Each structure stands twice: as structure tokens, then as C-alpha cells.
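Below is one structure, written out as C-alpha cells; comments come after it.
Quick note: the coordinates plus some simple rules give every number you see, no bench work behind them. If you're wondering where the values come from, they're calculated on a predicted model, not measured in any experiment. For neighbour counting, all protein chains shown are included, and Cβ atoms are generated from backbone atoms with ideal geometry for every residue, glycine included.
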Ligand SMILES: Nc1ncnc2c1ncn2[C@@H]1O[C@H](COP(=O)(O)OP(=O)(O)OP(=O)(O)O)[C@@H](O)[C@H]1O
């Protein structure tokens, strides 16, 4: 496509107003715009209807802009073809009333003119019809291609908070059934509607030109027809909106069931799900039935009006012929034209249906495109090509959207190179805190900084290079194992990919796959276990060599051998291994005392370390815990109590390492906590304890209690 508008929709933020100390521009919600909010509403207020209509038209305008030259050419073809088509009866009238009498008196020229004119009109109509049908198909495909790409790109750009509430099922519904409704209309509906309406207009002009009283009768028919059309429009708009809403719900339910098929089977939800799906399918059938029923009244209503009009014109014009006030040729032409005038009505009625359906679809799609990412890249980013990895939370508070405060105001400093374990009960706010570091969300107040730079001021490239989050799901994209590892650095060589895999202990199992690193992870034989998936995602992170690594430690779905594999990989990952990167040359490798748990011997990568503190290098390793991972020895502490609300910068909890990777781990395992430099205990969104594992254990507080419970659970 020649040119694409940068953003097809308008702009709506989902998170409402937020206090923001960051300097990056935040989009505001324009008055009256709605985005996807309230998209399930079937009855819209006049104001909302107008807004939605305007939004749909803007989108349509944006779609048409790149193809406007073709659009005008197509329109010209439609206009001329319908004019020549409508001229047929007038040429016949001319032939009967003027050419035939002239022919009878020995002048055949007018008859030749009438015959030739009729043939030429028919030829032009045929050629131009073929031209506009092909051209419309090209127009339609070009517009749909743009729209498909816009919807995909846009939904991908939207922030996590949007995806968490909107669900992938709805997005699929927008991408499939809504775009399909638009395709139906654009492919042939628009040209049928336009050509039909134009043909009617040209025919009406012809009838008026031939015999204005017949023209007036025809015009009178417009009154009942308009009333029927209005009746249909109001009801069908409602019916099609309802049908789009139910169709989206149906797809959402289907997608949810299929993506959660394991849980469905595990909890024997099949019957309940089938019942729910059956109910939705029933609702969809009812909604569709309603729109078809409306069409069942609309279409015959129009046809009846047309036929009655033809009868009235025939009657009146015949009387006038008998009285000698009208030529027979004109009578024939007027009746023919009137009959033809109403012939596109059936098609128009049919495509008006698609038009209404497409309009409802356009409303939904334009609403989606109107959404604006709440996490915006800055207009003038502060460059940070090589981050050290110091993370600071400066008077940060956070709530999801307009919900309750999940993290009350706090200040925290994580020095570069420190390994921090976040522990706490479920729902305490650990993931939320980690997601703020990854800038999946922006804080509601205060600022999160990397090396002193507000994350909102970093370019996406710098941010994603410096901070990588490894989530529990360890998602693998379709493609080879090597492709999946290379996600961390797409330009990495095969040797670098293998080195990354080796460094986390993944090389052996990858080599044992049917095609080694080239094994397709979606194919039989390429299916890897949950633990192996984790290792691949660790290798991905090693290759990316971020300054800050955030890791949501996997707890679920790992069997004991997998867990050991992951534990070893994790310990290695935290070693700050960088493959073929600047960090590598900076000497970011560590050979530290560590009791290998046997989950995977070093395979060419740098040896693993126990913790990210350089001062630990000189200390002997602590005794291994039950899983064989060495616990770090107690360290000197300044004895300072962690104060909720004001944390960080404590000498006892600081790393002195300047080259190690900063790691923030949402820790679920005792062994992981013990290899951390520092533990933050989160409770109700507050950091209630902050210190080295040894300090906190000695302190006898919440961490000590958690630790005790863990130990007991391991017996
Ligand atoms: N997307 C969201 N929208 C609204 N509230 C959320 C969202 N995600 C989390 N919360 C809420 O925020 C609070 C903190 O959740 P968070 O996921 O950070 O806890 P957590 O400590 O990581 O828990 P877990 O160990 O179970 O993962 C919880 O009350 C949770 O319900």
C-alpha cells in the first residue's frame, strides 16, 4: 500500500487519570471517545451513536485514502455504466416513436442510429461493469489488507493492561468475523449498492425526461420505500450489533476452552463448557434469526411497493395513450424503466443487510483501533546504550487502572549487580513490582529508574536490551529451538546460540532432539518438557545479556528432575553469563564456589556461581541444602531494620559488584532465596523486610517464619 496513516483510530487510555511524575508525554482521553469501552452495548444513546459513527467513518476515510485514485476511477466506471444501462428504454422509445415512422417514410438513418446506439450502450455497460467489478475487488482486498495489518500491529502495540482485560478471544473475533463481515460488503456489496442506487437515479431522470407525470408517480413511491427502509435500518442496526456482540462472546468462549484445554479436562469442565457454548450458539442463532426476519419483511415490502408503482404507472399512462396524450413508444419506455427502476431493490435490500452487518463490525474494529497503549515510548528518549543495572523506585505507588492501590508509596534502590529475591504470600505484589521494572506498566505515582534514568524516558530498544523478564510460562514460538533462543539476540551466530544453551545446561537435551538445534518445537519429537522450556528461555536471556534480569521462578508443572535442571540453569543464568556480547568482554563471568546438584555439568560455558556478590568469591561455600544448591554464608550486616515505605541503599544489602548482572527473582524456592544477595519480603504491597537471607533468618521475622515453613514442607 502506498501510504499508511500512522494510527488509524483516535485515542483512548484505559487506565484513567494517573498522577505522573515522569516527563514523557502521556496521551489523554479525548472527550466523547470510547475505544472498546461499552462495546457490548446494543442500544446506544444518540450521542454515543454519533461518536461511534464518526469514528467508523474516520476509519473508512483512512482506509480509502491510500486507494483514492482507484476509488475515483471505479466510481467513474460505475456512473457511466449505469447511465448507459438506464438509457436502454429511452433508446427504444426513440426507435418506436421517431425512427420507425421515419423508416416507414424511406429514411432508415434514424433506425440505424437507434439500433447502433442501443448496441453501443449495451457494450459500454458490459465493459464498464466488468471493469468496476474487478476494480472493486482490488480496492476491497487492498483495504482489507491494510485493516488486517493495522489491527494486528495495533493490538500488539497495546499495553498489557489492555490485553489482560480485553482477552485474546475478542481480538480474534475482531480479526476474523468482523473483518469477514467487512470483506463481504467490500467484495461485492458496495459496488452492488452503488450501481443499484445510481441505476435507480438515472432511470428516474429518464422517466422524468420521457414523461414527467409518470416520473411524479414513481417519486411518490419513494415515500413508502423510505419509511420501510428507515424501519429496517433502525431495527437491523440493533440486531446486527447484538449479533456481533454474541459472535464475539462465542469466539471468546471457544478460544478460552481450547487454550485452557488441560484445565478443562483436569476439572472435567467439558459438560459445563459445552452447555455454556450451546447457550451462546443459541443466542447467536436467535440474533441472526432476528436480522434475517427483519430482512424478510424489508425485502418483500420494497418489491411490493415497486410492483404497485409499476401497475399504477401502466394504468395511468395507458389511459393517456388512449386519450392521445402519450405516444405508445413512451408508454413502453416508461413502463420498462419503472419495472427496471425497482429491479435493483432486491439486491440493494440484500446488500443493505451486509452493509448493516459491516457497519456494526466497523464500529467494533474502529473501537479497538482507537485504544492507545498506556505504556508509551518517549518522544525524545534519553540514550542509555550500556546500562549498569542500578534500579531505583522513587516514591513509587501503583494501582491497576482505577482499582485499589496494590503497591502503596515506597522507595527502593537495587544496586547494579545485586541478586534480589522477592518473597511473600500469593497476591502480595511481587509480580506487580517486577512488572514495573520491566515497564509492562507505568507507576501511578513516582518513577522507576534504571541508572538514574526514568524508564519512561528510555527508548523501547534501550529498555528491552537492558531489562529482560523471564516469565514462568517460558513461551516458545513456532520455529526451531535455535530460533527460540535467538529471540534474545536475533543477530546471534549459531556458535553464540549454542554457547548460551551450554551456559544454562540446555545443550545436552537440545542436541538429543531429532534435529538438534533445528528441531521444530511445534512438531512431534520437538515437544520439550516444562523444565526444558524454562532452560530454553534462560538461554534466550543469557544471549540477550541484559543488565537487569527479572525472573518469575517457575513453580508449577515441574517434576523433580526438571526442577533440578531448572535450578542448575538458574544458578548459571545468575552467573551473569554473556555470550559474545560486550558484557562478556567486560569479564562478566564468575567462577565461584558452588555445589553442583548434578542437574547438568558445565558444558563449555563459564562455571556457575552461587550469588552475585563479589565478596563471596573468597568465602568457602556454605553447606548445600536438600537440593544440593549451596546456601550463601551469612554476611556481615549493619543490623538496620527494614522500614516499610523507605527501603534501599542499605550498606548491608548492597552489592559491590560492578560487572555482575542485576537480578530480581520472584522466588518460590528456598534454594533460590538462599543464593540471593538480598531478600525483600513483600506483604500487602509493602516491603516489610529487607536484608540478606542470613540477616532476615537471624531477625526471626516474617522471612524466618516463611523459611521455617519451607523447611518443614521439604521434610
Ligand atoms: N492485571 C491486574 N489487574 C488488577 N489487579 C491485579 C492484576 N494483577 C494483579 N492484580 C492484583 O494485584 C495484587 C498483587 O498481585 P501480584 O500478582 O503482584 O501478586 P504476587 O505477589 O506476584 O502473587 P503470586 O505469587 O500469586 O504471583 C493482587 O491483589 C492481585 O489481585
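The separation of segment 208-262 from segment 447-525, counted between C-alpha centres, amounts to 50 Å. For the peptides 197-206, 113-122, the ranking by packing is 197-206, 113-122, with the highest mean count of neighbouring Cβ atoms within 10 Å listed first. FRET efficiency for the residue 307 to residue 167 pair, using the beta carbon distance and R₀ = 60 Å, is estimated at 0.75. Using a simple spin-label model with pseudo-atoms 7 Å out from Cα toward Cβ, residue 478 and residue 47 lie 4.6 nm apart.
Mean separation of Cα pairs under 8 Å and 6+ residues apart, divided by the residue count of segment 94-228: what relative contact order is that in percent? Each step should come with its number before you reach the end.
Details: 50 pairs, mean separation 25.6, N = 135.
After rounding, I find 19 percent.
Per-residue Cβ neighbour counts within 10 Å put 392, 58, 338 in the sequence 58, 392, 338, beginning with the fewest.
Label separation (residue 425 vs residue 130): 7.8 nm, computed from points 7 Å beyond Cα along the C-beta direction.
Sorting 479-491, 278-290, 295-307 by their mean Cβ neighbour count within 10 Å, with the most densely packed peptide first, gives 479-491, 295-307, 278-290.
With R₀ fixed at 41 Å, the C-beta to C-beta distance from residue 269 to residue 297 puts the FRET efficiency at about 0.50.
If you count, for each residue, the other Cβ atoms within 10 Å and average over each peptide, how do 511-518, 365-372 line up from highest to lowest?
Values: 511-518: 14.5, 365-372: 24.6.
Ranking the peptides 511-518, 365-372 by packing returns 365-372, 511-518.
Look at the Cα gyration tensor of segment 303-343: its axes a ≥ b ≥ c give a/c of at least 1.5 with a/b at or below b/c, and that counts as oblate. Between residue 494 and residue 222, what's the calculated FRET efficiency when r is the beta-carbon distance and R0 is 60 Å? Round to 0.05. According to the calculation, E is roughly 0.25. Taking 16 Å as the cut-off, the amide N atoms of segment 218-246 that come nearer than this to a point 7 Å along the Cα-to-beta-carbon line of residue 60 belong to 233-234, 237-238, 241.
Segment residue 464..residue 402, full-extension length gain: 19.6 nm, with 0.36 nm per residue of separation and the alpha-carbon distance subtracted. Could you work out how far apart the two model spin labels at residue 279 and residue 322 are, taking each label as a point 7 Å from the Cα in the direction of the beta carbon, and quote it in nm? According to this spin-label approximation, the distance is 6.7 nm. Taking 0.36 nm per residue of separation and subtracting the Cα-Cα distance, full extension of the segment from residue 704 to residue 156 would add 193.0 nm.
Sort 510, 124 by Cβ crowding within 10 Å, fewest neighbours at the top.
The fewest-first ordering by Cβ neighbours comes to 124, 510.
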